[in-house]
Ligand SMILES: Cc1cc2nc3c(=O)[nH]c(=O)nc-3n(C[C@H](O)[C@H](O)[C@H](O)COP(=O)(O)OP(=O)(O)OC[C@H]3O[C@@H](n4cnc5c(N)ncnc54)[C@H](O)[C@@H]3O)c2cc1C
């Protein structure tokens, strides 16, 4: 295949794999460089909203994911300390309204479904254990220098897509090596076998508990075999992502909460910790034949559950802009221009939502009053701009394996 039809993607996370699939469907040969030797991930659940599931459908990855996914009936928002219900969202009706389901999945299942869809394409090569070290943008293409088990190699392509996550090497070379912004928030994540828990925790319900300096979310995943628990605390810990945490060190913000979240926290045998970061929006994502995608471009706090969703949307948008073009650089700028306002709004809304979730004192009472007033219907309305978005697939990608 001509070099002009070869693209290099750095990173085989949710964003990189989605991009590889979408780009292969519009006629590119894609080389994905992945630093990790194995596409394996520390178990953690994620929520996929209708904007994400319709995009996964377009990529042909939804069908494989469905048997392992849970379609939640309801989102129940409660005050953690009092146990009082503040709002109840009918997620089934919302899914119908937005034209695609809400789903609860284990992130590794999502990555596997995408990896399987990528493996179906003769035009995608995933080079695992290969780390992008740097790149050079020439008039006729991109040269990427990489390292595999200490051996250096070079790859050539028409463009480079940096989908290499929060601490993106591609972003650092484009924009300088700045540290991501820490928000004094730390997620404690656990997957607990459902058989070890009362039946309440396996109901297809997302329960969100709000409190001063902390919130807790839990829901069933993995075809009901596991319950995913995420507790996010205001805290200063900044260790290695996903490192195992000693339960004795869990912050005390939930200590006097109501029984349901307390029980689950006590039942988790193994927690992993993730300090929470984002970055301020970039004025320009890319340059020349290089662009960014997913967390590399617009990392966001997890309060809207849109990090993976926005990376999948990016992938479809990128493929649509690159479809059938002679010149890649203008197409990359058009992609960035289209995506930047939406993901910037997500980044900003995620920060604001985090502040609201963790309110204490009088502001907490005001928040609770407001949530009771707007109820589930009001809550979903406020986020409809996220969920109703249908990222347009390029013409050669067919929708509809749902
Ligand atoms: C607590 C928490 C809860 C979340 N919940 C949700 C949720 O419910 N819904 C949702 O949509 N999102 C959620 N997210 C966000 C979501 O997980 C991320 O936004 C998403 O995984 C980002 O995907 P990505 O492909 O851009 O980056 P990553 O998943 O970070 O992938 C980057 C890949 O690049 C590789 N890499 C890095 N550097 C190099 C290099 N130099 N060369 C080659 N490869 C490299 C890495 O090994 C990795 O595989 C959550 C995040 C957290 C922390």
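The values are calculated or read from the model by the stated rules, or taken from the named source; none is laboratory data. All values derive from a computational prediction rather than experimental measurement. Neighbour counts run over all protein chains shown; Cβ positions are idealised from the backbone, glycine included.
Worth pointing out:
- Of all residues making up the range 111-128, the number that are surrounded by fewer than 21 Cβ atoms within 10 Å (Cβ to Cβ) and not in a helix (DSSP H, G or I): 8
- Flag set for residue 191, criterion: surrounded by 18 or more Cβ atoms within 10 Å (Cβ to Cβ), within 16 Å of the ligand (Cβ to nearest atom), closer than 27 Å to residue 249 by Cβ and within 26 Å of the chain's Cα centre (by Cα).
- Residue ID - surrounded by the fewest Cβ atoms within 10 Å (Cβ to Cβ), chosen from residues in the range 265-294 that are part of a helix (DSSP H, G or I) and more than 22 Å from the chain's Cα centre (by Cα): 266
- Condition check for residue 53: farther than 29 Å from residue 243 by Cβ, within 12 Å of the ligand (Cβ to nearest atom) and at pLDDT 95 or above: yes
- Selection from the range 196-215 of residues that are in contact with a helix residue (DSSP H, G or I) (Cβ under 9 Å, 6 or more places away or on another chain), more than 10 Å from residue 70 (Cβ to Cβ) and away from the ligand (no atom under 12 Å from the Cβ): 196, 197, 198, 200, 201, 207, 209, 210, 211, 212, 214
- Matching option when the condition is within 12 Å of the ligand (Cβ to nearest atom) and under 20 Å from residue 226 (Cβ atoms), among 65, 39, 33: 39
- Meets criteria (within 14 Å of the ligand (Cβ to nearest atom), loosely packed, with under 15 Cβ neighbours inside 10 Å, modelled with pLDDT of 95 or more and within 30 Å of residue 379 (Cα to Cα)) for residue 182: yes
- The residue that is surrounded by the most Cβ atoms within 10 Å (Cβ to Cβ), counting only those in the range 158-178 that are assigned to a loop (DSSP other than H, G, I, E, B) and away from the ligand (no atom under 11 Å from the Cβ), is 158.
- Here the range 292-343 is the region considered, the condition is being in contact with a strand residue (DSSP E or B) (Cβ under 6 Å, 6 or more places away or on another chain) and farther than 26 Å from residue 46 by Cα, and the residue that is farthest from the ligand (Cβ to nearest atom) is 328.
- Flag for residue 131 being loosely packed, with under 15 Cβ neighbours inside 10 Å, within 16 Å of the ligand (Cβ to nearest atom) and over 30 Å from residue 66 (Cβ atoms): no
- If you check 159, 163, 190 for being farther than 27 Å from residue 331 by Cβ, in contact with a strand residue (DSSP E or B) (Cβ under 6 Å, 6 or more places away or on another chain) and modelled with pLDDT of 95 or more, only one passes: 190.
- Residue 260 being away from the ligand (no atom under 15 Å from the Cβ) and either buried (at least 16 other Cβ atoms within 10 Å of the Cβ) or closer than 24 Å to residue 13 by Cβ (or both): yes
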